[in-house]
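Only the coordinates and a few stated rules stand behind these numbers; no lab work does. Every value quoted in this text rests on a predicted model; they were computed, and no experiment measured them. Cβ sites come from the backbone with ideal geometry, for glycine too, and all protein chains shown count toward neighbours.
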Amino acid sequence: MFPQYQDIVFEELKKVFPDVEHFEVEYADLQKLEYLDRVLNETLRIIPPVPTVSRDLIEVIRLSNNVLVPKGVSFVVDIFHIHRNKEYWGPNAETFNPDNFLADNVRGRHPYAFLPFSKGRRNCIGWKYALLLSKIALAKILRNYRISTDFRYEDLVFIDGVITKLRKSPLLRFQRRTSK
C-alpha cells in the first residue's frame with residue numbers, strides 16, 4: 001500500500017545483504033535494519049495484533065483525570081484507539097508514517113502510547129521472538145520480492161474481536177526483483 005516505504009526498506013536491505021536470494025540473517029544484521037524496524041513498528045501501531053487487553057485491578061488506581069477506579073474492577077485497555085490517539089500521535093494519527101518511530105519522536109511520547117504486545121508484568125512473553133521472526137521474514141521476502149496490491153489503505157475495515165481482523169484481506173502480488 002506504501003511502495004515509497006518499501007523502496008527505502010529495500011535500499012537498506014541491499015546495503016546489509018548485498019547477496020540476493022540466499023543469505024543468512026544474523027542478530028547483528030537485524031540491528032542495522034533501522035528503517036525496517038520503524039516500518040514494522042508503524043505497522044504494529046496501525047494494526048496491533050490484539051486490539052484490547054483486560055486486567056482485573058488488584059488495587060485502587062487513579063487515572064490521569066483524577067478518577068479513582070476501585071480494586072476488583074475489570075479494566076479494558078483499548079490498544080487499537082490508543083495507537084490512533086492524536087494526543088500521542090499528532091493530527092495525522094490515522095496516517096501510516098514510519099517517522100513516528102524516529103528516536104526523537106519516540107523519546108517525546110508517553111511510554112504507554114505504543115502497546116502492540118501490551119506492557120508491564122503481563123505483556124506478551126514472546127514479543128521479542130515475534131519481532132525477530134518478523135524482521136527475518138521481512139528481510140528475506142523484501143530483499144527478493146516487490147510486494148504490491150490494488151487495495152487502498154483507506155479501505156481497510158477492522159472487525160472487533162479478540163485479535164485484529166480485517167473485513168476483507170488485501171490480495172498481494174509478489175514480483176521477483178531483478179535488480180541486485
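Couple of notes before you dig in:
- Taking 32 Å as the limit for the C-alpha separation, the pairs K140/K165; K15/K168; K135/K168; K86/K140 exceed it in the case of K15/K168; K86/K140.
- Listed residues F17, F96, F75, most fluctuating in the chain (Gaussian network, C-alpha, under 10 Å): F75
- Taking a straight line from the alpha carbon of K71, these aspartates and glutamates sit under 17 Å away, with near neighbours fewer than eight places off in the same chain left out: D56, E59.
- Computed over the chain with a Gaussian network model linking Cα atoms closer than 10 Å, the most mobile of L30, L57, L115 is L57.
- To the nearest ten degrees, helix 34-46 and the longest principal axis of the Cα atoms of the chain are 50 degrees apart.
- Cross-link check: pairs K14/K119; K32/K128; K14/K128 evaluated at a Cα-Cα cut-off of 27 Å; pairs beyond the cut-off: K14/K119.
- From largest to smallest, the equivalent ellipsoid semi-axes obtained for the chain from the alpha-carbon gyration tensor read 34, 18, 16 Å.
- Cα centroid separation - the range 43-104 against the range 1-42, whole Å: 28 Å
- Assuming charge only on the beta carbon of Lys and Arg (+1) and of Asp and Glu (-1), the dipole of the range 3-176 about its Cα centre is about 440 debye to the nearest 20.
- Rounded to 0.05, the FRET efficiency of the A28 and R62 pair, given R0 = 41 Å and the Cβ-Cβ distance, is 0.40.
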